[in-house]
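Let me begin by presenting the structure, written as structure tokens, before commenting on it.
Please treat every number below as a calculation from the coordinates, not as lab data. Please read all numbers here as calculations on a predicted model, not as lab measurements. Cβ: placed from backbone, ideal geometry, glycine included. Neighbour counts: every protein chain shown.
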Amino acid sequence: MKRFRQYRTTPETRDRYADVHIHAEDLIYPYFIVEGDNIKHEISSMKGVFHFSIDLLLTDIEDLLSLGINKILLFGVINDNKKDETGSPAYTPDNIISRAVIAIKNHYPQVVIFTDVCLCEYTSHGHCGLLHNHDVDNDSTLPLLAEMAYQHAIAGADFVAPSSMMDGQVEAIKRRLSEENLNTKILAYSAKYASAFYGPFRDAAGSAPSFGDRKSYQMDFCTSNQGLEETAADIEEGADWIMVKPAMAYLDIVQRASVLFPDYPLVTYQVSGEYSMLKSGAAQGFFDEARIFFESLTAMKRAGAKYIITYYAKDFIRQQQNSSI
Ligand code: PBG
């Protein structure tokens, strides 16, 4: 009989054998930014997550930095009446994300800023690209994504993160950035699946498609190798970091990507639906909130993720500091 229980007798022994750890540097915290002043509104579908105007965002970042977290991912949320067919508020020079990036870098140059590059929060129809005959047109969308990435980059973003799942989006952005002599990096949403887990986000960002769904551009989860082929293509196109999204239901892809592409920092995204599912399950008393998040985030690291984007980042570090998990 091999004896395993000796590895588990006390917290200290368990600690000694634990080889998967999550540090504040591993976490990327998403923010939803709205127009206006003095706004901090909780998002009804995501308890504990807020819409921030830029002024209060700066205050919140102070809290984030005090916890040792220095990476953020920015999403812009604009009023429906500002949106148009081509998503132009996404890439005009005074777009909401560029303004936020400039303000953040002014106050906190040490923050590493990732910006989401996708049109769905800015188009009147809510799709991630330009429409032609009620279908999303790949190639005519690429220059707009490149322009959006360029605007974020000149504002001072460290990484642009294309998430619209248009073919060639990484290459189009990479080319544009290098033509402009910018060395902003690209975090590619490489294996991004058409997932029901994005439900709460679409409320948060006002980005639900007004007709149809995203299955013709986001990946089909009934495939097993395509996610890795997409990732390899993004690397070939010039991605610096790669991503698998969502996280918890896709840890097989995370694991395989980490083995296949060890030289590329691998990010996984615990998306809005994963977050709200765990939050609401805990609120209903089905399980302990701190423990369920600790277990889930640890599984992502164990699968091979180097970084995790999570709405729970601040709570997690706070709990770790109070050693309540
Ligand atoms: C933009 C985008 C989405 C998410 C990240 N970037 C929404 C979508 O693809 O529908 C989802 C993030 C989350 O659910 O937390 N395309």
Residues in the stretch 256-267 that are buried (at least 17 other Cβ atoms within 10 Å of the Cβ) and either among the aliphatic types (A, V, I, L, M) or within 12 Å of the ligand (Cβ to nearest atom) (or both) total 3
From the option list Ile292, Ile235, Ile317, Ile308, single residue qualifying as within 16 Å of the ligand (Cβ to nearest atom) and of a type in the set (A, V, I, L, M) is Ile308
When (1) touching a Leu at 6+ places or on another chain (Cβ under 7 Å); (2) more than 10 Å from the ligand (Cβ to nearest atom) are applied to Ala161, the one that fails is (2)
Filter the stretch 11-64 for residues that are part of a loop (DSSP other than H, G, I, E, B) and closer than 22 Å to Arg302 by Cα; the one that is farthest from the chain's Cα centre (by Cα) is Ala18
Turns out the strands (runs of 3 or more DSSP E) fully within the stretch 85-152 with at least 1 residues that are more than 12 Å from the ligand (Cβ to nearest atom) and not aliphatic (A, V, I, L, M) are 130-132, 135-137
Considering the stretch 173-207, residues that are part of a loop (DSSP other than H, G, I, E, B) and hydrophobic (A, V, I, L, M, F, W, C), and then whichever is farthest from the chain's Cα centre (by Cα), we arrive at Leu182
Over the stretch 26-74, the set of residues loosely packed, with under 12 Cβ neighbours inside 10 Å and either under 27 Å from Met277 (Cβ atoms) or touching a Lys or Arg at 6+ places or on another chain (Cβ under 8 Å) (or both) is Glu42, Ser44, Asp63
When the stretch 104-144 is checked residue by residue, the ones that are free of Cβ contacts under 8 Å to residues at least 60 places away in the same chain and among the acidic types (Asp, Glu) are Asp116, Asp137, Asp139
Those residues of the stretch 192-222 that are within 11 Å of the ligand (Cβ to nearest atom), surrounded by fewer than 18 Cβ atoms within 10 Å (Cβ to Cβ) and hydrophobic (A, V, I, L, M, F, W, C) come to a total of 3
